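Okay, so here's the structure we're looking at.
We did not get these values from a lab; they are worked out from the coordinates using the rules stated. What you are looking at is a predicted structure, and each value in this text was computed from that prediction instead of being measured. Counting neighbours? That spans all protein chains shown, and the Cβs are built from the backbone with ideal geometry, glycine included.
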Amino acid sequence: MSFDPETVRDEFPILSREVNGRPLVYLDNAASAQKPRAVIEAMVRVMETSYANVHRGLHTMANETTEAYEGARESVRRLLNAGSAAEIVFTKGGTEAINLVASSIGLGLKAGDEIVLTEMEHHANIVPWHFLRERKGVVLRFAPVTDDGRLDLAALETLIGPRTHMVALTHMSNVLGTINPVAEVIAMAHAWGAPVLLDGCQAVVHTPVDVRALGVDFYAFTGHKLYGPTGIGVLYGKAEYLAKLPPYQGGGEMIGYVTKDDITYGELPYRFEAGTPPIIEAIGLGAAIGWLEQHDRAAIAVHERALYDRVKARLNGVNWLTELGTAPGKGAIFAFNVAGAHPHDIAQLLDQSGVAVRGGTHCAEPLMRRFGVTASARASFALYNTEAEADAFADALVKAQSFFA
């Protein structure tokens with residue numbers, strides 16, 4: 001089983017550019033991935049040939065665009081193996097998908113009800129629940145993370161109980177690369193009758209996801225990390241849960257009828273898609289999924305992990321480097337700190353060598369505090385990265401560290 005990144009690199013126009021006179025080495029994929037021509041061309045094509053608003057017109061272009069938009073929904077259903085396209089809600093991103101669930105469920109919560117989270121969550125899966133803490137008196141309980149970046153399952157199990165109204169956690173950490181044992185967590189939560197929401201923004205890119213096999217109740221992800229455009233995200237929800245949730249926003253498209261005295265809501269999933277949706281972006285996401293499905297995803301995962309392992313081997317034994325997250329089976333994310341250097345300075349020095357990484361808290365401040373740091377640098381690998389780029393990153397990092405030696 002092998003995957004050759006050179007076979008796909010030519011499909012990403014941006015990868016041919018230079019940065020600061022050096023060939024671009026793009027290792028900021030956990031923040032946002034680059035886009036293949038298939039996505040770019042699909043979005044341009046709809047704007048140039050058939051764009052119109054969806055679901056509302058009887059003319060030819062409205063029908064063509066609606067068909068493409070709903071075709072993208074079916075692509076997402078297929079990607080997640082959802083039981084029905086009615087369980088796929090388009091949002092403007094993974095963040096909005098989680099906010100939708102938190103806001104809708106929150107209407108029925110009261111002071112003392114509990115939400116269980118983990119220390120490794122992205123702010124997108126913390127802040128919406130804090131809103132409920134502030135506004136409703138809901139209690140947030142955080143499962144700890146071990147020193148090597150694993151979720152402490154035994155501790156998590158003690159936090160779930162009769163007052164738990166949601167267990168919300170990341171499928172794959174955007175900092176640690178940890179892939180959580182989510183099937184076990186779902187079983188724990190369901191034993192108490194609590195639903196589970198998974199933040200899949202990282203995991204859906206790097207591992208196949210089968211929501212029915214997992215039995216998960218809600219799954220959220222974003223398009224721009226999955227080689228698709230910004231401005232589009234997805235919420236999968238079991239039909240029985242979505243049917244119980246009150247709408248998140250009001251306006252056009254999400255209604256059955258409206259009078260001065262009454263209102264009814266539309267069918268799933270449209271009751272959660274108020275107003276003009278992100279039409280072009282959804283079509284772009286559908287194109288990204290179709291493009292990705294042409295490749296062997298298992299082989300891609302092996303390739304990405306090999307790049308991470310190659311960097312680790314190149315840097316083995318240096319005494320100035322500290323990695324965050326070394327859990328077994330983790331994904332290809334390398335978060336680190338260099339002794340005596342701020343991550344922002346490291347990121348800027350690497351940029352001088354054409355290497356793009358992220359420096360900061362990665363929207364995971366509780367996790368930073370857990371590891372006793374204020375920030376970290378992060379290199380994250382994608383299917384189009386090469387062994388030569390992994391080497392270029394390691395070499396550039398050694399050079400950057402020399403400024404602080």
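Sum -39500 (n - 2.57) across every DSSP H segment of at least 4 residues in the chain, then divide by the residue count to get the 222 nm mean residue ellipticity, nearest 500. The helix contribution divided over the chain gives -11500 deg cm²/dmol. Applying the Kirkwood pairwise sum to the alpha-carbon positions of region 1-81 produces a hydrodynamic radius of 15.7 angstrom.
Stretched out straight at 0.36 nm per residue, the stretch from ILE255 to ASP152 would grow longer than its current Cα-Cα span by 32.7 nm.
A straight chain from TRP320 to ASN20 at 0.36 nm per residue would run longer than the Cα-Cα distance by 105.4 nm.
Considering only Cα atoms, the convex hull volume of region 233-292 works out to 91 Å³ per residue. Comparing ALA306, ALA375, ALA111 in a Gaussian network model of the chain, where Cα atoms under 10 Å apart are tied by springs, the biggest mean-square fluctuation is seen for ALA111. A Förster radius of 22 Å, combined with the Cβ-Cβ distance separating GLN348 from ASP309, puts the computed FRET efficiency at roughly 0.25. Each peptide among 383-393, 237-247 gets the average number of other Cβ atoms lying within 10 Å of its residues, and from highest to lowest they stand as 383-393, 237-247. Scattering from the C-alpha atoms of the chain alone, worked out with Debye: what is log10 I(q)/I(0) at q = 0.08, 0.09, 0.11, 0.13 1/Å? Treating every Cα as an identical point scatterer, log10 I(q)/I(0) equals -0.45, -0.56, -0.84, -1.13. Here r is the Cβ-Cβ distance between GLU184 and GLU67 and R0 is 45 Å; the resulting FRET efficiency, rounded to 0.05, is 0.65. Put a plus charge on the Cβ of each Lys and Arg, a minus charge on the Cβ of each Asp and Glu, and nothing anywhere else: the dipole of the chain about its Cα centre is then about 640 debye.
In the elastic network of the chain, a GNM with C-alpha springs shorter than 10 Å, the most mobile of ILE105, ILE88, ILE179 is ILE105.
Cut-off 10 angstrom, C-alpha nodes, Gaussian network model of the chain. Which of ALA379, ALA42, ALA168 fluctuates the most? With Cα springs under 10 Å in the chain, the top fluctuation among ALA379, ALA42, ALA168 is at ALA42.
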